[in-house]
Amino acid sequence: MFYREAGDFKVSYEQDSQTFPIKFDRYRYYLVLLIAFLVIPFTINDYWASAILLPFLIYSIAAIGLNILVGYAGQVSLGTGGFMAVGAYACYKLMTAFPEVSMFVHVMLAGGITALVCVLFGLPSLRIKGFYLAVATLAAQFFLVWVFNRVPWFYNYSASGQINAPERDVFGIVITGPNAPAWATYLFCLIFLTICAVIARNLTRGTVGRSWMAIRDMDIAAEIIGVNPLKAKLTAFAVSGFFIGISGALFFALYLGAVEVGEAFGITKSFQVLFMVIIGGLGSIFGSFAGAAFLVLLPVILKVVGVDVLGWPTDIVAHFQLVIVGALIVLFLIVEPHGLAQLWRVAKEKLRLWPFPH
């Protein structure tokens, strides 16, 4: 009975549109934040950070950015890997050119640069959509990877062609480089994820978000009732690029430390983030978290069960992972297009009505 509402006492639009209308949801949200900020940093180790926590935090930011573009604005994009590369290389150039500036500023500026690049490649969305827009963003993916490979200025004329994150600190605590403690990199990524999630949630339920959804549902009707398609589409590309650029900068500087663009930000990365959005749920901030958690935990669980417990060969387990992801994508697209987020919403609705059927 703790998960039910005793009547409807909403007397304002703010109360009616609040994110957590049930007190239990709000308390659970604050509890999760307390555990994330005050418990996990004191219990984390290098394995948990590198295998689960850092990838989950970084991919969640990327999935939120792509979900804004694809799920809320209805603009198909296959260039996520290339835009993450823009954030990574922008962060690298800023870190090497301005070593005295805080990493917070570098990551934010990297997100801003990526937003500008994303808007530039989003201009075709004003004339084309659907399959043709997907091809245009796919061309952006290959073009950006080619540029970062062929122009030595981007990797500071390194003989190896890769970029390496120099050691930087925040308030005297090292957060990049091999000497960075796991809890410091975790907290740095967690702060950015929390800020991005709050911004995304407030944007999607406000005027900007409603204009995105109007363009997604029926762009001609939206334009007739006063929605500016130019502003709506380009703001979606800008916000999406900002979040994806931040994730790319964190992925390079705090997670990998050294990057070769073709391997780290190839087309596989674009599809990986897209699969997170599809499995988690289009048009849902929670779905971005759920999809990222699922695809980060799946290989870890398969390795433990398949390799450590059952003794299967590693390559068989890797192929089995691809089969599972492909089957789930087909299943969700056919049975439940809104993904894990919709399953979670249905479960909550059942709890709100239980034990009564109506």
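The values are calculated or read from the model by the stated rules, or taken from the named source; none is laboratory data. All figures in this text were calculated on a predicted structure; none of them were measured in a lab. As a convention, Cβ positions derive from the backbone with ideal geometry for all residues, glycine included, and neighbour counts pool all protein chains shown. With ligands, DNA and RNA removed, areas are computed over all heavy atoms of the protein, side chains included. Shrake-Rupley method; radii C 1.70, N 1.55, O 1.52, S 1.80 Å.
Close amide H contacts of VAL174 (hydrogens built in the peptide plane, cut-off under 5 Å, sequence separation of 5 or more or a different chain): none are found.
Ligands, DNA and RNA excluded, the heavy atoms of TRP344 present near 100 Å² of accessible surface to a 1.4 Å solvent probe. When nucleic acids and ligands are ignored and a 1.4 Å probe is applied, MET213 ends up with an accessible area of around 50 Å².
Given a 1.4 Å probe and the protein chains as shown, PHE143 ends up with an accessible area of around 100 Å². For the chain, the per residue solvent-accessible surface stands at 51 Å², with DNA, RNA and ligands left out and a 1.4 Å probe.
What the Cβ-Cβ distance of PHE42 and VAL135 gives, at R0 = 45 Å and to the nearest 0.05, is a FRET efficiency of 0.40. Taking 25 Å as the limit for the C-alpha separation, the pairs LYS93/LYS303; LYS23/LYS348; LYS10/LYS348; LYS129/LYS269; LYS269/LYS350 exceed it in the case of LYS93/LYS303; LYS269/LYS350. Computed per residue of the chain from DSSP H runs no shorter than four, each worth -39500 (n - 2.57), the mean residue ellipticity at 222 nm is -20500 deg cm²/dmol.
Two tests apply to each whole DSSP H helix in the chain, Cα reach of 30 Å or more along its axis and mean Kyte-Doolittle hydropathy of at least 0.5, and the ones passing both are 182-204, 229-250, 314-335.
Site pair LEU33 and ARG205 shows an inter-label distance of 1.3 nm when each label is modelled 7 Å from Cα along Cα→Cβ.
Per-atom-type breakdown for the chain gives carbon and sulfur 70% of the accessible area (1.4 Å probe, protein chains only).
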